[in-house]
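Quick note: the coordinates plus some simple rules give every number you see, no bench work behind them. For clarity, every value in this text was computed on a predicted model and none was experimentally measured. Virtual Cβ from ideal backbone geometry, glycine too; neighbours counted across all protein chains shown.
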Amino acid sequence: MLRLVGHQPSGSGRTDRRLTLAAAGAFLLLVAYLLPWFSNRITWAETRFTGDTVIVSQFPVLIAGQHYDQAQRPLREELQDIRIRVESVPAHKASGWGWLFQVLTLGPALAELLSYFVCLLVPLLAVGVVGVIVGLSWFGPRRLPEVMIPLGINLAALAIPSLVLAWFHQFDFSLELFAIEQAAFWPQAGFWLGLAGSALMFAGIVGLRQRTRRPIVTWWALVLVIALGIWLLIRFRPHPFLEIWDFIFDGILVTLRITTTSFGFILAVSLLGGLGRISRSRIIYGISSLYVEIVRGIPLLVQLLFIWFALPQVFDVLGELLVGLSPRLNEAGQRLIDLRLSPFTAAVLGLTICYGAYGSEIFRAGISSIHHGQMEAARSLGMNYIQAMRYVILPQAIRVILPPVGNEFVALLKDSTLVSVLAVSDLTRRGREYMARTFLSLQTWTFVALCYLVLTLFSSRVVEYIESKSRFGASR
């Protein structure tokens with residue numbers, strides 16, 4: 001029996017059938033990349049609609065965008081027919097390596113075929129990881145690398161669907177195109193050998209799953225599944241999902257920008273508010289407590305609407321007051337009257353004020369959880385209050401408050417949808433604008449919800465990772 005924990009396998013352990021099977025599969029997959037995969041490609045396409053609309057496209061390396069062109073039907077027109085021109089690919093370019101290098105040499109145009117490049121690259125990454133596992137177990141001075149087994153299993157599991165998706169790229173995921181020239185699009189021997197090698201490699205490496213203490217599938221897989229689902233929607237149903245993606249992509253960037261900017265200010269406000277809530281000064285404590293109690297009692301949406309609609313009137317009143325007090329204050333008063341916040345600034349201000357109040361209580365609880373003897377010990381060593389807080393109390397409190405602060409970031413990401421009422425073109429507002437244009441409610445909000453789900457799940461996994469690395473007693 002192969003011993004995977006404790007020492008290097010020797011004797012019969014070196015010829016364990018699982019490692020041999022994985023090595024054989026990896027070797028077959030490497031050989032498959034040298035053989036022809038896809039010997040034909042579409043170089044030209046003409047799409048005709050019933051209203052005399054004609055779309056002509058040429059493809060220098062691989063077809064791309066044709067599925068969207070034929071799915072994006074002009075108003076009151078139907079698809080009439082599709083004509084394509086198929087040419088054979090030279091043998092040295094038809095192999096897996098050949099296609100990989102063709103796409104790699106596209107330069108700036110690589111972004112258009114990046115998904116195809118990734119599909120071709122994933123099986124090679126699986127071969128690399130499996131090769132390291134097998135090589136170290138057979139020839140390495142130490143035991144089989146247990147830490148690499150989950151990675152090898154996951155990459156080997158992804159190798160087969162990656163090859164199939166690479167094939168779908170040949171006809172741009174369009175069943176209409178595949179039906180036109182089925183014989184030309186069927187893969188060659190190298191592709192089928194690659195599938196067989198991937199299956200053998202997976203069968204061999206998955207046999208080691210019970211020989212590791214590490215989880216094979218983690219919650220990161222859910223992020224990958226949702227992201228893959230979004231990508232498949234875009235490829236198989238480019239209309240309307242590709243159009244939705246292009247329309248809302250800038251909204252995703254605005255959402256991330258607002259969330260990260262606000263969170264930075266929220267941490268600063270929360271720290272000050274938390275220190276104020278434990279201050280011995282009655283004035284500082286009173287101001288901090290008043291801020292926390294008032295802000296937590298007003299809904300976030302109301303605060304955002306107040307900042308956007310009512311705060312300019314407050315500026316006007318204060319500016320007129322300054323102008324009336326003294327002629328010397330005319331310039332400052334006029335500036336205050338003319339002051340208007342941009343939608344982005346108003347959104348960041350509103351989120352910071354609201355979440356800063358909740359964060360203040362988190363910081364207060366975290367600092368209060370540290371035993372008062374820590375402060376006394378620091379002061380006895382000659383530190384002043386600020387030094388003791390900076391070097392002794394806060395480093396310990398951060399580990400306590402990290403989980404709730406991480407949860408606040410995820411909640412902030414979701415609550416950022418409310419800034420759409422301030423005319424901020426975030427993800428939610430862009431989705432609403434697209435729905436108003438097309439009346440595709442189901443498709444639009446399903447896609448927007450999936451985008452938010454990927455963002456929140458990814459943020460949650462990052463928070464969990466940081467928390468695991470900063471936990472008391474964590475192994476180094």
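Below are the figures for this structure:
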{"quantity": "Cut-off under 5 Å, modelled amide H: who pairs with S95 long-range", "calculated": "W37"}
{"quantity": "Karplus-derived 3J(HN,Hα), 6.51/-1.76/1.60, for each residue of the stretch 334-339, Hz, glycine and proline x", "calculated": "5, 4, 5, 5, 7, 5"}
{"quantity": "Most to least packed among 272-279, 231-238 [average Cβ atoms within 10 Å]", "calculated": "272-279, 231-238"}
{"quantity": "Cα-based Kirkwood hydrodynamic radius, the stretch 248-470, one decimal, Å", "calculated": "20.0 Å"}
{"quantity": "Centroid-to-centroid separation of the stretch 280-323 and the stretch 369-384 [C-alpha atoms, Å]", "calculated": "35 Å"}
{"quantity": "The stretch 66-140: proportion of alpha-carbon pairs further apart than 21 angstrom, %", "calculated": "57 percent"}
{"quantity": "Net charge over other residues, Cβ less than 11 angstrom from the Cβ of W219 (K, R count +1; D, E count -1)", "calculated": "0"}
{"quantity": "Against the rule of thumb 2.2 N^0.38 Å, how large the Cα Rg of the stretch 280-368 comes out", "calculated": "1.36"}
{"quantity": "Approximate spin-label separation V86-S289, in nm, with each point projected 7 Å along Cα-to-Cβ", "calculated": "8.0 nm"}
{"quantity": "The stretch 65-124-the stretch 211-269 distance, computed between alpha-carbon centres (Å)", "calculated": "24 Å"}
{"quantity": "J(HN,Hα) series, the stretch 364-376, from Karplus relation 6.51 cos²θ - 1.76 cosθ + 1.60, nearest Hz, glycine and proline x", "calculated": "4, 5, x, 5, 5, 6, 7, 4, 4, x, 5, 5, 4"}
{"quantity": "Convex hull volume per residue in cubic angstrom - Cα atoms of the stretch 156-267", "calculated": "137 Å³"}
{"quantity": "Along each principal axis, Cα extent of the stretch 11-217, largest first, Å", "calculated": "73, 35, 31"}
{"quantity": "Note, ³J(HN,Hα) from phi for the stretch 238-245, Karplus 6.51, -1.76, 1.60, rounded to Hz, x at Gly and Pro", "calculated": "x, 10, x, 5, 5, 5, 4, 4"}
{"quantity": "Two-site label geometry, L106 and L339: point separation in nm, points 7 Å out along Cα→Cβ", "calculated": "5.1 nm"}
{"quantity": "Gain in span if fully extended, A199 to T20, counting 0.36 nm per residue against the direct Cα distance", "calculated": "63.1 nm"}
{"quantity": "Estimated translational D of the stretch 38-106 in µm²/s (Stokes, Kirkwood radius over Cα pairs; 4 °C; 1.567 mPa s)", "calculated": "97 µm²/s"}
{"quantity": "Reciprocal of mean inverse Cα separation for the stretch 37-78 (Kirkwood radius, Å)", "calculated": "11.4 Å"}
{"quantity": "Highest average packing first - 86-92, 150-156, Cβ atoms within 10 Å", "calculated": "150-156, 86-92"}
{"quantity": "Segment S281-L253, extension gain: residue separation times 0.36 nm, minus the distance between their alpha carbons", "calculated": "5.8 nm"}
{"quantity": "E146-Y385 FRET efficiency (beta carbon distance; Förster radius 45 Å; 0.05 resolution)", "calculated": "0.40"}
{"quantity": "Principal semi-axes in Å for the chain [√(5λ), Cα gyration tensor, largest first]", "calculated": "53, 39, 15"}
{"quantity": "Mean separation of Cα contacts under 8 Å, 6 or more apart, over the residue count of the chain: relative contact order %", "calculated": "17 percent"}
{"quantity": "Label-point gap, in nm, between T53 and A377 - each point 7 angstrom along Cα→Cβ", "calculated": "7.4 nm"}
